[in-house]
Amino acid sequence: MTRTDARGTIMIADSDFGDVDIERAIIEGAGFELLPEQCKSEDEVIEKGRDVDGVLTQYVRVGSRAIDAFTRCRVIARYGTGVDIVDVDAATRRGIQVTNAPNDWCAEEVADHAVALWLGAARKICAYDQATRQGVWRWQSGEPIWRLRGRVFGLLSFGAIARLIAERARAFGVEVWAHDPFLDESEIRSHQVRPVSFDRLVEGADFLVIQAPLTPETHHAFDRTTLRRMKPTAVLINTARGPIVEDAALYQALAEGWIAGAALDDLEDEPAKQRDWRPRNPLFTLPNVIITPHAAYYSEQSVTTVRRIAAEEAVRVLTGQRARSPVNDVTAGGPGEGYA
């Protein structure tokens, strides 16, 4: 299919799925041309995508500079739920529809991963594994380890995924607390969870799981001041966005014993957004932190689902249909007005 006989061009700005077969079948099947790229910066998005009609993005930022440079774009579809990498306000001003995937596409996976990170950190699984591989066969390699039952398991936010985490954690006999400023306390209590203030959560939790969206208010919510207030025996688990935790502050907290451990599914500067990344972050040198590569969402089923959602949303918008998961309310106008 050539550009002249296609209905338009949809660019995959970046992805790490290994192929574009799912997207190609949907996009080309609807009569559009697919342009797969691996952009690592907004400048590259502008260079490769200036004249495309739609964009799919996984990690690379599509900010106001790119949006203002687009000449035809009518839709930006995110592979995933969070849209912090897209300047939604700028897209709205240009009449560009932004879409995402409702979080049920990976809710079970993220909940499972959060519990796995919690148990791995609490039971010192990685420390034991590393010690035995080095020829040390001693239960003392993991000390101290504390019994889970009766301790406080805290959740920052209490949305759909956090509720699944709470459901799983309760089976271990912990007392579950949650802080969510957008929910009535009665709603939290209805799930057998104790609503608490942010201060109480930080100061009282033995295990604290971050499952909040990245917003200006949550960016660096866990800085030196916050981490200093946690229990010295506490473990911090982050299965949300990396920049909610300040990496330099967390390194100091772990190295100096302000808290006992951490388990992270993302870092402040996400490696997948960098070209030629190397593990230079000092957090990798610490024995009391577990780091996974933003993989909490992953299963074969979830990846297939999110790829289909993003591609189908782009096609839907470009063929004049309403998005099923719109992020913004687009009024008439914009660079692609009248084009379908």
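The values are calculated or read from the model by the stated rules, or taken from the named source; none is laboratory data. Quantities reported herein were computed from a predicted structural model and do not represent experimental measurements. Positions of Cβ are generated from backbone atoms using ideal geometry, with glycine treated the same way; all protein chains shown enter the neighbour counts. Accessible surface areas use protein heavy atoms only, side chains included; no ligands, DNA or RNA. Shrake-Rupley method; radii C 1.70, N 1.55, O 1.52, S 1.80 Å.
The modelled label-to-label distance for the pair residue 278/residue 322, using points 7 Å beyond Cα in the direction of Cβ, is 5.3 nm. What separates the Cα centres of segment 228-272 and segment 130-161 is a distance of 15 Å. Only one of (1) 40, 22, 18; (2) 38, 23, 17; (3) 59, 28, 15 was calculated from the structure for semi-axes √(5λ) of the Cα gyration tensor in Å, and its label is (1). Multiplying the residue separation of residue 182 and residue 25 by 0.36 nm and subtracting their alpha-carbon distance yields 52.5 nm.
Inter-label distance, residue 119 to residue 308: 2.9 nm, where each label sits 7 Å from its Cα along the C-beta direction.
Between residue 17 and residue 84, the contour length at 0.36 nm per residue exceeds the alpha carbon distance by 22.1 nm. Using just its DSSP H runs of length 4 or more, each adding -39500 (n - 2.57), the chain gives a mean residue ellipticity at 222 nm of -9000 deg cm²/dmol after division by all residues. Counting only Cβ charges, +1 for Lys and Arg and -1 for Asp and Glu, the dipole size of the chain around its Cα centre is about 820 debye. Across the options 204, 145, 79, the greatest Cα extent toward the positive end of the charge dipole of segment 68-221 (unit charges at beta carbon of Lys, Arg, Asp, Glu) belongs to 145.
Return the inverse of the average 1/r over all pairs of distinct C-alpha atoms in segment 1-139, which is the Kirkwood hydrodynamic radius, in Å to one decimal.
17.4
Working note: Karplus 6.51/-1.76/1.60 with θ = phi - 60° gives segment 283-291 the couplings 4, 5, 8, 8, x, 9, 9, 10, 10 Hz, where Gly and Pro are set to x. Entry note, the chain: relative contact order of 21 percent, from Cα contacts under 8 Å with a spacing of 6+ residues.
Distance from the Cα centroid of segment 7-30 to that of segment 58-107 is 16 Å (rounded to whole angstrom). Largest mean-square fluctuation among 325, 186, 302, in a Gaussian network model of the chain whose springs join Cα atoms under 10 Å apart, belongs to 186.
Applying 1/(1 + (r/R0)^6) with r as the Cβ-Cβ distance of residue 215 and residue 43 and R0 = 35 angstrom yields a FRET efficiency of 0.85. Computed with every protein chain present, the accessible area of residue 52 is close to 10 Å² [probe 1.4 Å].
Within the straight-line cut-off of under 19 Å between alpha carbons, the aspartates and glutamates reachable from residue 124 are 112, 143, 206, 256, 265, sequence neighbours fewer than 8 places apart in one chain being disregarded. Between amide H atoms placed 1.01 Å from N, distances below 5 Å from residue 268 occur with 247, all of them 5 or more places distant or on a separate chain.
The shape of segment 1-76 comes out oblate: with a ≥ b ≥ c from the C-alpha gyration tensor, a/c is at least 1.5 while a/b does not beat b/c. Sorting 79, 128, 298 on solvent-accessible area from highest to lowest, probe radius 1.4 Å, gives 298, 128, 79. For residue 50 and residue 301, a Förster radius of 41 Å and the Cβ-Cβ distance give a FRET efficiency of 0.70, rounded to the nearest 0.05.
Within a straight-line Cα-Cα reach of under 29 Å, residue 48 can be paired with the following lysines, leaving aside sequence neighbours fewer than 8 residues apart in one chain: 40, 273.
Couplings 3J(HN,Hα) of segment 312-328, computed from phi: 5, 5, 4, 5, 4, 5, 6, 9, x, 9, 6, 5, 7, 9, x, 9, 10 Hz, in residue order, whole Hz [Karplus 6.51 cos²θ - 1.76 cosθ + 1.60, θ = phi - 60°; x for Gly and Pro].
Solvent-accessible area of residue 276, all protein chains in place: 120 Å² (probe radius 1.4 Å, heavy atoms, ligands and nucleic acids excluded). Close amide H partners of residue 177, meaning residues 5 or more places away or on another chain with modelled amide H under 5 Å apart, are 153, 154, 155, 194.
Springs join every pair of Cα atoms under 10 Å in this Gaussian network model of the chain, and among 139, 118, 177 the largest mean-square fluctuation is at 139. Our analysis of segment 116-174 gives Rg over Rh at 1.10, with the two radii drawn from alpha carbon positions and Rh computed by the Kirkwood formula.
Surface listing: 259, 309 arranged by accessible area from highest to lowest gives 309, 259, probe 1.4 Å. Within a Cβ distance under 11 Å of residue 303, other residues only, what is the Lys/Arg minus Asp/Glu net charge? Taking every Cβ under 11 Å from that of residue 303, the sum is -1.
Rolling a 1.4 Å probe over the protein chains gives residue 294 an accessible area of about 30 Å².
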